[in-house]
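J.: Dropping a structure here in structure tokens format, bear with me for questions.
The values are calculated or read from the model by the stated rules, or taken from the named source; none is laboratory data. All of these numbers come straight from a predicted model, not from anything done at the bench. In this analysis, Cβ positions are derived from the backbone assuming ideal geometry, glycine residues included, and neighbour counts consider all displayed protein chains.
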């Protein structure tokens with residue numbers, strides 16, 4: 001892929017929201033990897049909850065970006081990356097869910113929604129951020145995406161609705177219900193400390209591997 005095109009220029013300063021920061025040119029592949037690989041990995045990690053799946057999802061995102069770059073229309077590039085990442089995650093989550101349910105007999109299906117952490121994973125040995133990650137992993141994929149995009153990525157409801165192709169009311173409902181599920185999960189796991197309330201994003205996560213050429 002040619003790399004002679006100039007970097008995209010932004011129309012707003014750092015205070016602008018995602019929808020206000022508009023790319024005026026199509027970025028090159030090297031520019032995309034340099035500027036966005038860490039951001040994509042952090043989002044992938046928050047969605048998947050573990051490093052191997054986050055790495056796989058990140059690779060898939062950049063493969064999709066590489067294949068679709070020729071058809072990209074200059075606009076909100078970060079929004080485009082968010083959309084690709086969340087759509088791929090939701091596709092994977094639904095596919096895994098179908099496989100998991102198909103492999104179980106009817107009497108075992110109900111156990112999926114009540115799975116508890118491993119016995120050797122004690123609250124005293126975990127940080128609060130670990131609890132948030134585990135609680136996020138218990139949310140339905142649609143709720144998890146909405147909460148992560150809002151509370152971790154800092155997007156507005158309108159931006160999330162655009163990324164997910166959902167109605168604004170649906171996004172609000174998913175975020176509200178997702179947060180309620182998180183508060184309940186965290187309070188249950190920290191009985192000695194009273195109510196452990198969900199307080200937003202955890203510590204930053206850095207991509208462990210560089211994204212190379214995609215063919």
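J.: For segment 135-169, name all the residues that are over 20 Å from residue 84 (Cα atoms) and free of Cβ contacts under 8 Å to residues at least 12 places away in the same chain.
T.: Residue satisfying the conditions is 169 alone.
J.: Kindly list the number of the only condition in (1) touching a helix residue (DSSP H, G or I) at 6+ places or on another chain (Cβ under 7 Å); (2) modelled with pLDDT of 85 or more; (3) not in a loop (DSSP other than H, G, I, E, B) that fails for residue 155.
T.: Looking at each condition in turn, residue 155 falls short on (3).
J.: Separate question: What do you reckon, is residue 1 modelled with pLDDT under 80 and closer than 15 Å to residue 77 by Cα?
T.: Answer is no for this residue.
J.: Just the residues that are in a helix (DSSP H, G or I), touching a helix residue (DSSP H, G or I) at 6+ places or on another chain (Cβ under 9 Å), surrounded by fewer than 17 Cβ atoms within 10 Å (Cβ to Cβ) and in contact (Cβ under 8 Å) with a residue 40 or more places away in the chain, please, taken from segment 62-78.
T.: 69
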